[in-house]
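Structure record follows, encoded as structure tokens.
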């Protein structure tokens, strides 16, 4: 006899999976990946440790899901903000500004994306690299259009986009680790202007 899951059972299972993901994110906010255990996550999610394995093969699979979840959230925020502008420079600036403000407002988000995962293991290093490459491709589209419109000098778009994304990652990570700058508005405007000058935009 084939067992068909009822809608109620499916909903219960989805709610349980959501609780596990929420628990993992909350624990990661307060510590590092090395301090996170399946037992701790299961306890916080209100489930038995054995139940965890019905939803995730291991901790790496769980964290991989968390990374994807966070990245999708951030990407949606960026797309929404960019849609408000037609000028390409404005779109680039909006992307930078929303990333900075989101990371500094939700520092746990920044810690999970920028701090924890690059040091976990090779598999997650590859996943983080995939995320950075997506952001680089996103930036490249803008730069190609700017170059076609002769709004920036002729340049290697791959190099410019990689440097563009890398600069933000390093500066934001330094703020998270050492504390926000005293004059936050001036600091983030300086970062934005620095990157735009690097692309060749004339800024007064």
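Coordinate-derived values only; no laboratory data. Keep in mind the model is a prediction, meaning the values are calculated, not measured. Cβ: placed from backbone, ideal geometry, glycine included. Neighbour counts: every protein chain shown.
Quick look at the numbers
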{"quantity": "In segment 71-89, residue farthest from residue 147 (Cα to Cα) [restricted to those that are over 11 Å from the mean Cα position of the chain (by Cα) and surrounded by 13 or more Cβ atoms within 10 Å (Cβ to Cβ)]", "calculated": "81"}
{"quantity": "Test: residue in segment 172-181 that is surrounded by 13 or more Cβ atoms within 10 Å (Cβ to Cβ) and closer than 21 Å to residue 134 by Cα", "calculated": "yes"}
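For every residue, the table says whether it meets (1) under 26 Å from residue 30 (Cα atoms); (2) touching a helix residue (DSSP H, G or I) at 6+ places or on another chain (Cβ under 6 Å); (3) not in a helix (DSSP H, G or I).
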site: 150; (1), (2), (3): no, no, yes
site: 153; (1), (2), (3): no, no, yes
site: 163; (1), (2), (3): no, no, no
site: 168; (1), (2), (3): yes, no, no
site: 177; (1), (2), (3): yes, no, no
site: 186; (1), (2), (3): no, no, no
site: 189; (1), (2), (3): no, no, no
site: 192; (1), (2), (3): no, yes, no
site: 196; (1), (2), (3): no, no, no
